[in-house]
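Undergrad: One structure is given below, represented as structure tokens, and several questions about it will come after.
Laboratory data are not the source of any read-out in this text; all were calculated from the coordinates shown. Bear in mind that the values here come from a model prediction, so they are computed numbers and not experimental data. No Cβ is skipped: glycine too gets one built from the backbone with ideal geometry, and neighbour counts run over all protein chains shown.
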Amino acid sequence: MKFLYFLLFSFLLLACTSKDGCESSKSHDNSSHIKVTSPFDTIKKVSGAYKFSGDLCDVQSVNSKIRIELKYATNDNFVKKVLYKKIDKAYLQKDVAIRLSKCQDYLTSLHPDLYLLVYDAVRPVSVQQIMWKSLDSIPVNRRVKFVSNPKNRSIHNYGAAVDLTICNAVGIPLDMGAKYDEIDSIAYPSLESIFLNRGLLSKEQVANRVILRKVMASQQFIGIASEWWHFNACSRQAAALKYQLMLEE
């Protein structure tokens, strides 16, 4: 009888060990569980031609003249809370940072007493999601003019977009007629002439925006119609093919 119990126990032990082994093997094979959440991610995964042009780097390590004031590492932003827990410097793709450095050099040649002041650079998708949800009371067609839908990614998520202004030698920003992260249409470059004619923007404020655009255009940074502070180094599709996506900090 003891022998039969021993055989039964051995059989059960073998069965459990075999089952656990299969589950362990399955848990280490995540290839069938890869979740593609963006068409741009799909492009990057199936393309064998793309190459990273460089890793993220600290903008100030490329040009120390550039000033930094990361708004999302503070409470001074439209969400009114700290969103960056680890990011404490302005990081961009290396080639983008070099272009931004040349923008600063050009600004120095035009106005030796002025400096670029960066408010945001690389931004994780996780933070993009928080921003998107914080504005859920705004219709999507208006919301996308201010925050990119995280499902479609933002060029910020690839370290290829920068939010910035211009400041003087003591760090005081030039008057742009609308604060950073202003949702109201007075921040729209596309509507500047209308607000200027109505007296809601001054000539000086528009001139300051023009200086910023001129400096950024010198290195082919492209602005957008709804934010005077935002500039892209390339298109979203190009960023997805060329650079690594930052999902989290």
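Undergrad: Tell me, in nm to one decimal, what length is gained between ASP175 and ASP88 on full extension, where the rule is 0.36 nm per residue of separation less the Cα-Cα distance?
TA: Result for the pair: 28.8 nm of gain on full extension.
Undergrad: Another question, then. Please compute the modelled spin-label separation between SER235 and TYR106, points set 7 Å along Cα→Cβ, answer in nm with one decimal.
TA: For the pair TYR106/SER235, the computed spacing is 2.2 nm.
Undergrad: In region 106-127, whose amide N lies under 20 Å from the spot 7 Å out along Cα-to-Cβ of ASP76? List them in ranges.
TA: Zone members listed by number: 114-123.
Undergrad: On average, how much area does the Cα convex hull of region 126-212 cover when viewed from any direction, in nm²?
TA: Average projection, Cα convex hull of region 126-212: 7.1 nm².
Undergrad: How would you classify region 68-219 from its alpha-carbon gyration tensor, with a ≥ b ≥ c the square roots of the eigenvalues: rounded for a/c under 1.5, else prolate if a/b is greater than b/c, otherwise oblate?
TA: It is oblate, given that a/c is not under 1.5 and a/b is not larger than b/c.
Undergrad: Oh, and also: Return the distance in nm (one decimal) between the two label points of a simple spin-label model at VAL140 and ASP55, each offset 7 Å from Cα along Cα→Cβ.
TA: Reported label-point gap for VAL140 and ASP55 is 3.8 nm.
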